[in-house]
Amino acid sequence: MTVLGDPMLDVYVYGETARVSREAPVLIVRKEREEYRLGGAANVAANLAALGVQTELLGVVGSDAAAGKLRSMLQERGVEIAGLVVGAAATPTKTRVLAGATGTAKQQVLRIDDEPELYSVSSGDELAEALAARAATSDALVISDYGLGSVGARTMALATRLSSEGHTLCVDSRYRLGEFRGVTVITPNAPEAEALTGLSLSRPGAIEQAGRMLLEKTGCRRCLLKLGRRGMTLFSQDGASEHVDIVGEEEVADVTGAGDTVIAAFATGLAARLGAGNAMRIANAAAGVVVTKIGTATASPREVEHAAIAAGVELAPWDA
């Protein structure tokens with residue numbers, strides 16, 4: 001499977017709150033340890049690899065230490081990285097500081113984002129060409145667009161063409177969802193759906209209305225609407241809709257990166273020809289696994305299976 005998008009490096013700094021600074025009304029955090037996680041499109045690729053899918057990542061990184069760390073972590077997980085393009089800007093990095101008093105749980109007290117200016121048009125064009133070249137040999141294509149420039153105008157036009165040719169193309173786009181036309185599935189969360197439709201999903205009947213509006217606006221075949229603690233709903237162009245409740249609600253610890261897990265697991269289900277409804281059930285169970293872990297995380301097939309069994313999830317019959 002091929003993933004194209006914005007790779008990021010997530011840094012977690014853990015520490016103990018010592019006292020309030022004399023220099024400003026802020027906490028002094030005594031650093032204890034530091035962890036690195038894959039973020040953005042790199043987290044999507046890591047989730048696919050964790051599910052046993054042979055995966056290649058296409059995207060733009062810098063020529064800095066963060067890029068070196070990101071590359072090595074991807075290789076450790078078996079992700080092919082030959083399609084990573086080196087740009088002039090820094091590798092996107094998000095640093096989270098988690099702290100607490102001795103013996104208490106660490107909580108996030110600060111996040112620092114190091115995001116580059118948008119990458120050059122030439123980088124986006126190069127990645128679009130790479131995606132087109134891999135379409136024939138990939139069971140499914142995933143676009144993970146965080147708005148940092150790895151996904152350019154040519155890629156969005158290419159998505160429409162590839163989908164019309166019958167390729168399975170799954171899209172998660174934070175800011176430009178409406179620009180992807182006719183793809184296999186889009187996977188917006190509630191705020192993204194509200195921004196594109198102008199509806200408040202807290203209003204009775206708004207979820208169904210929003211799902212139909214999203215299908216109409218984008219022309220996509222399906223819309224998997226992620227509703228957080230309210231589960232997720234799958235809408236199809238044939239008028240059908242299907243809902244699943246959240247798995248493991250009482251165990252939620254951190255939702256960071258759960259959307260990456262959802263699109264990875266859903267694309268895996270589609271590529272395996274299990275049907276869209278079953279793909280949603282698997283994605284929901286996978287999300288239920290990763291939200292029990294702190295930071296961006298992945299779910300193994302065994303973990304997904306155990307979560308599904310514990311929640312009483314049953315797959316519908318499908319034609320392989």
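The values are calculated or read from the model by the stated rules, or taken from the named source; none is laboratory data. Here the structure is a predicted model, which means the values were calculated and not measured. All Cβ positions, even for glycine, are placed from backbone atoms using ideal geometry, and neighbour counts span all protein chains on display.
Observations on the structure shown:
- Residue ID - modelled with the lowest pLDDT, chosen from residues in region 108-131 that are under 22 Å from the mean Cα position of the chain (by Cα) and assigned to a loop (DSSP other than H, G, I, E, B): L118
- Pairs where the first residue, in region 253-280, is of a type in the set (F, W, Y) and the second is buried (at least 24 other Cβ atoms within 10 Å of the Cβ) and at pLDDT below 95, C-beta under 6 Å, 6+ apart: none
- Any hit, region 300-315, residues being assigned to a loop (DSSP other than H, G, I, E, B) and modelled with pLDDT of 95 or more: yes
- The strands (runs of 3 or more DSSP E) found wholly in region 1-99 and carrying at least 2 residues that are surrounded by fewer than 18 Cβ atoms within 10 Å (Cβ to Cβ) and in contact with a helix residue (DSSP H, G or I) (Cβ under 9 Å, 6 or more places away or on another chain) occupy 84-86.
Residues are listed down the side, and each one gets a yes or a no for (1) over 23 Å from G152 (Cα atoms); (2) modelled with pLDDT under 95:
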{"residue": "A24", "(1), (2)": "yes, yes"}
{"residue": "Y36", "(1), (2)": "yes, no"}
{"residue": "G52", "(1), (2)": "yes, no"}
{"residue": "L58", "(1), (2)": "no, no"}
{"residue": "G62", "(1), (2)": "no, yes"}
{"residue": "L70", "(1), (2)": "no, no"}
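- Contacts under 9 angstrom Cβ, first residue in region 282-300 being small (G, A, S) and buried (at least 24 other Cβ atoms within 10 Å of the Cβ), partner modelled with pLDDT under 90 and part of a helix (DSSP H, G or I), 6 or more apart: G288/E249; G288/E251
- Selection within region 218-273 - among the small types (G, A, S) and within 13 Å of the chain's Cα centre (by Cα): G257, A258, G259, A264, A265, A267
- Only residues that are within 17 Å of the chain's Cα centre (by Cα), under 22 Å from V142 (Cβ atoms) and part of a loop (DSSP other than H, G, I, E, B) were counted across region 274-299, and they come to 7.
- Search result, residues across region 256-273 that are outside any helix (DSSP H, G or I) and touching a Lys or Arg at 6+ places or on another chain (Cβ under 9 Å): T256, G257
- Of all residues in region 221-254, those satisfying the criterion of being touching a Gly at 6+ places or on another chain (Cβ under 8 Å), more than 22 Å from G312 (Cα to Cα) and either surrounded by fewer than 22 Cβ atoms within 10 Å (Cβ to Cβ) or charged (D, E, K, R) (or both) are R221, D254.
- Scanning region 288-320 for residues that are closer than 13 Å to V255 by Cα and not polar (S, T, N, Q) returns G288, V289, V290, V291, K293, I294, G295, A297.
- The number of residues in region 85-130 being of a type in the set (G, A, S) and either free of Cβ contacts under 8 Å to residues at least 24 places away in the same chain or farther than 16 Å from G149 by Cα (or both) comes to 6.
- In this entry, S138 is excluded by the filter for residues that are touching a residue at least 12 places away in the same chain (Cβ under 8 Å), in contact with a Leu (Cβ under 7 Å, 6 or more places away or on another chain), surrounded by 14 or more Cβ atoms within 10 Å (Cβ to Cβ) and not acidic (D, E).
- Residues located in region 168-182, provided they are within 13 Å of G5 (Cβ to Cβ) and basic (K, R): R174, R176
- Residues being under 30 Å from L158 (Cβ atoms) and either exposed (fewer than 12 other Cβ atoms within 10 Å of the Cβ) or among the hydrophobic types (A, V, I, L, M, F, W, C) (or both) - total across region 100-128: 7
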